[in-house]
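All of the numbers you see were taken from the coordinates with simple rules; none came from a lab. Bear in mind that the values here come from a model prediction, so they are computed numbers and not experimental data. Using ideal geometry, Cβ is built from the backbone for each residue, glycine included, and neighbour counts are taken over all protein chains shown.
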């Protein structure tokens, strides 16, 4: 393999130097399981978020298989482009872990045994009443020219190569081990090399009930407010989160820009903004119901308990969540919630009257302050004349009565339709409890039944 330009100690990558503002970085994850669909790469997202804290802008993230040539080519390209590269994965003791050998071949150096790493491996197995095997002891082999860091959670060491103003970190792929080395070893280096003089401040804003494009029309990208501001739109079935970042070398200027942007976002997002922070809608509702000392019951058909599961996943839900029903069949709606059988026969289970009766029955039987009910056709089957796939009715009952919203979600993907139904139900509950107009929100214009 041809050595990369970075093998020259005098090589300086294009782009900002480590001492300059907002240096760029690449993240490379290694493993066949990441490119054949067996495992989802979660390391990249976590690493990118941590690098942001040190002013490092990740310009590329890629995954390569357990192939020495592919690993070497990816690292060589990265080192020819940016001052910081983080590689994760391929450091285990088995034959399919090839990152160390790929790096040794890339730089034309041998693997050398590091006594401090070998001692740590021996101690790791000794605490578990076992002796380290020769394969385990080979974890102490590190390419010459790399610094090694003992892994506090496992046996694969972290590795670092410094050359020509560049940093190449190599970390295990096991998330717990990678995070431990990142926080305890990598981040102090990043703080010294990259973050000096650069101030980075961030805030989260969470919205629901409005589409990403409509939210953008209201909020914009903030480029005109200050060049040091950036705003990311992160949509999901629950809503769109806004990730605001302000950077600069003057703390007062950064804080002023951040405050002005936050005020603009809060005003522009208006009633669709439910939290100035990175929390879920369920967490927001849990805090609301706890503070107001309110109680809730749910009755679900097409969502099959997803709403109750989302709400009760929040610690302390037992203080305010009274009861939940999954009334999937017509008989269950009648037996458990008291929905009249003749009402179902006349209008069908997926209808405004039945959703209303479900919410009313749940609130009465649970003796709760509020209740939510959902009935719909999630798909991909179940369509009938006048009732297409995606048709969903959401009802919320409270002290002042019941509101029912009708939705027609596009597409026949069952998972997505159920997620949308859960999201609009939680948004309707939020609106009614806080006194907002219940006929707004929910992404789509409601269609009256």
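General observations
- Spin-label pair residue 69-residue 233: with each label point 7 Å from Cα along the Cα-Cβ axis, the two points sit 4.3 nm from one another.
- Radius, Kirkwood style, for region 283-434 when every pair of distinct Cα atoms is counted (Å): 15.1
- Evaluating kT/(6 pi eta Rh) at 20 °C and 1.002 mPa s, with the Kirkwood radius of region 77-196 over Cα pairs in the Stokes-Einstein relation, gives 145 µm² s⁻¹.
- Only helical runs count toward this figure. For the chain, summing -39,500 (n - 2.57) over DSSP H runs of n ≥ 4 and dividing by all residues gives -10500 deg cm²/dmol at 222 nm.
- Take every pair of alpha-carbon atoms less than 8 Å apart whose residues are at least six positions apart; their mean separation over the length of the chain yields a relative contact order of 10 percent.
- Between the Cα long axis of helix 281-292 and the first principal axis of the chain there is an angle of about 60°, rounded to the nearest 10.
- Note on Rg and Dmax of the Cα atoms in Å: of the candidates [x] 21.0, 63; [y] 21.1, 80; [z] 27.5, 84, the value calculated from this structure sits at [z].
- Full extension of the chain between residue 201 and residue 162 gives 11.2 nm of extra length, using 0.36 nm per residue less the Cα-Cα distance.
- Rounded tilt (10° steps) of 414-434 against the dominant C-alpha axis of the chain: 70
- Neighbour-count ranking [beta-carbon atoms within 10 angstrom, fewest first] of 344, 199: 199, 344
- Footprinting exposure proxy ranking of 225, 159, 358, 306, fewest other C-beta atoms within 10 angstrom first, gives 225, 306, 159, 358.
- Under Stokes-Einstein, with the Kirkwood radius over Cα pairs as Rh, the value for region 112-160 at 4 °C and 1.567 mPa s is 121 µm²/s.
- Rounded tilt (10° steps) of 352-366 against the dominant C-alpha axis of the chain: 80
- Here the Gaussian network model covers the chain, with springs between Cα atoms less than 10 Å apart; of 89, 410, 211, 410 fluctuates the most.
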